[in-house]
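S.K.: What follows is a single structure, and I will ask about it in a moment.
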Amino acid sequence: MKIIKNLQDYSPKTPLALSIGMFDGVHRGHQTIIKNLNIAAQNKDLESAILTFWPHPRTVFSPSDDLKLLNTIEEKTYLLAKNNVQHLFLKEFDEEFRNLTGEEFVKQILVEKLNVKHLIIGHDHTFGKNRSGDFNLLQKMSSELGFEVVQVEAVDFQDRHISSTQIRNALMNADITAANEMLGYHYSVSGEVVHGKKLGRTIGYPTANISVNPMKFLPKKGAYIVDVFVQNKQFRGMLSIGTNPTVDGKSLSTEVYILDFNGDIYGEAISVNFRQFLHDEIKFDGLQQLIEKLDEDKKLTENFEF
């Protein structure tokens, strides 16, 4: 997959089949769009492409919002490449771009700059200044400017449209099964292993403290059964998201105890896939109660059918 960060540097050799959007999560709804995009590209002798924005437009319109995303830019790039997208345009959502009207965006960016011949959008997609662009505008302009446009219907889960917001809500409620079903893969968190308080090693449960991208959305505080990927190997693990209230912790941490593992992995990359919620964050009366609960969690993790 070719990644283009500056549209001015792009000179199209082959016309494009393109879709536009944030694609946060690259969930099953997005995957349906990409599948249709790839089929259209193959059938019409085009190349498939996604135009997305970084940072998220909400950071421009509402800079005070504490926006958290399902994917880091690295994760999104990986997922789009895995779904066989040929070109990824990462456009900065700057002042000039946000002031383009819907018509200006279609003519100047899609047609003149990118040479789009087949456009696929989601069921509720709008674009341009004051959301002046929509499917109706695209239909009108497509015949004038020589491109086809298709609107893909939403994919439903439990009688509701799958969306990034619905997935965040599921993760916020620790409904890992629903979140993973809507995503079409296991939700994950990655980062570098950094030094923590090292309390775990004193009670027989040494943990790897994960430095998580501050833009990454974290599920509800609590304990989870996870897959752990480190040093090119896969392990079972127990992940904790919280402040360690039993020892009067203050700052939020993401720590994982890796079963059947003993090694120094400080500074190494680690990734975890969420499989099942164990329980809410608990403040125990003492370390002994904490250890007993960890023992219970370990048994559940060992017996969990991966």
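S.K.: Please count how many residues of the range 188-208 are in contact (Cβ under 8 Å) with a residue 12 or more places away in the chain and more than 16 Å from PHE235 (Cα to Cα).
M.R.: The total comes to 10.
S.K.: Quick check: is even one residue across the range 30-45 free of Cβ contacts under 8 Å to residues at least 40 places away in the same chain, more than 22 Å from GLY128 (Cα to Cα) and of a type in the set (S, T, N, Q)?
M.R.: Among the residues of the range 30-45, at least one is free of Cβ contacts under 8 Å to residues at least 40 places away in the same chain, more than 22 Å from GLY128 (Cα to Cα) and of a type in the set (S, T, N, Q), which makes the answer yes.
S.K.: Next question. Quick check on my filter: what residues within the range 232-243 are open to solvent by 20 Å² or more (accessible area, probe 1.4 Å) and under 16 Å from LEU278 (Cβ atoms)? Break it down stepwise before answering.
M.R.: Looking only at the range 232-243, we keep the residues that are open to solvent by 20 Å² or more (accessible area, probe 1.4 Å), and these are 232-236, 240, 243.
Passing the criteria: ARG236, SER240.
S.K.: Restricting to the range 188-215, name every residue that is open to solvent by 60 Å² or more (accessible area, probe 1.4 Å) and either touching a Leu at 6+ places or on another chain (Cβ under 8 Å) or closer than 18 Å to GLY286 by Cα (or both).
M.R.: Of everything in the range 188-215, those that are open to solvent by 60 Å² or more (accessible area, probe 1.4 Å) and either touching a Leu at 6+ places or on another chain (Cβ under 8 Å) or closer than 18 Å to GLY286 by Cα (or both) turn out to be LYS197, LYS198, ARG201, THR202, PRO206, MET215.
S.K.: Quick one: which of LEU218, LEU300, LEU294 is touching a residue at least 60 places away in the same chain (Cβ under 8 Å), of a type outside the set (D, E, K, R), open to solvent by 30 Å² or more (accessible area, probe 1.4 Å) and in a loop (DSSP other than H, G, I, E, B)?
M.R.: Details: LEU300 fails: in a loop (DSSP other than H, G, I, E, B); LEU294 fails: in a loop (DSSP other than H, G, I, E, B).
That would be LEU218, the only listed residue that is touching a residue at least 60 places away in the same chain (Cβ under 8 Å), of a type outside the set (D, E, K, R), open to solvent by 30 Å² or more (accessible area, probe 1.4 Å) and in a loop (DSSP other than H, G, I, E, B).
S.K.: Which pairs turn up if I take residues in the range 74-102 that are in contact (Cβ under 8 Å) with a residue 60 or more places away in the chain and under 13 Å from THR52 (Cα atoms) and look for partners that are open to solvent by less than 30 Å² (accessible area, probe 1.4 Å) and part of a helix (DSSP H, G or I) with beta carbon separation below 6 Å, at least 6 apart in sequence or on another chain?
M.R.: From the range 74-102, the pairs are LEU88/LEU80.
S.K.: Looking at VAL212, VAL272, VAL256, can you tell me which residue is at pLDDT 95 or above, closer than 24 Å to ASP24 by Cα and out of contact with any Asp or Glu (no Cβ under 9 Å at 6 or more places or on another chain)? Break it down stepwise before answering.
M.R.: Working: VAL272 fails: out of contact with any Asp or Glu (no Cβ under 9 Å at 6 or more places or on another chain); VAL256 fails: closer than 24 Å to ASP24 by Cα.
Selected residue: VAL212, the only one of VAL212, VAL272, VAL256 that is at pLDDT 95 or above, closer than 24 Å to ASP24 by Cα and out of contact with any Asp or Glu (no Cβ under 9 Å at 6 or more places or on another chain).
S.K.: Which numbered condition in (1) touching a Ser or Thr at 6+ places or on another chain (Cβ under 6 Å); (2) open to solvent by less than 40 Å² (accessible area, probe 1.4 Å) is the only one that PHE229 fails?
M.R.: Unmet condition: (2).
S.K.: Might you let me know whether the range 196-219 holds any residue that is closer than 22 Å to LYS76 by Cβ, among the charged types (D, E, K, R) and out of contact with any His (no Cβ under 6 Å at 6 or more places or on another chain)? Give the steps one after another, and end with the answer.
M.R.: Step one: filter the range 196-219 for residues closer than 22 Å to LYS76 by Cβ, giving 210-219.
If we keep only those that are among the charged types (D, E, K, R) too, we end up with 216.
So of that shortlist, the ones also out of contact with any His (no Cβ under 6 Å at 6 or more places or on another chain) come out as 216.
Yes.
S.K.: Got a sec? Which strands (runs of 3 or more DSSP E) wholly within the range 222-285 have at least 1 residues that are over 13 Å from PRO206 (Cα atoms), in contact (Cβ under 8 Å) with a residue 24 or more places away in the chain and hydrophobic (A, V, I, L, M, F, W, C)?
M.R.: It comes to 222-230, 233-242, 269-280.
S.K.: Shifting gears a bit: Name the single residue that is nearest to the chain's Cα centre (by Cα) among those in the range 155-186 being surrounded by 17 or more Cβ atoms within 10 Å (Cβ to Cβ) and hydroxyl-bearing (Ser, Thr, Tyr).
M.R.: The qualifying residue nearest to the chain's Cα centre (by Cα) is SER164.
The values are calculated or read from the model by the stated rules, or taken from the named source; none is laboratory data. Being a predicted model, the structure only gives us computed values, none of them experimental. Please note: Cβ atoms are built from the backbone with ideal geometry, for glycine as well, and neighbour counts cover all protein chains shown. Side chains are part of the model used for accessible areas, which takes the heavy atoms of the whole protein and leaves out ligands, DNA and RNA. Shrake-Rupley method; radii C 1.70, N 1.55, O 1.52, S 1.80 Å.
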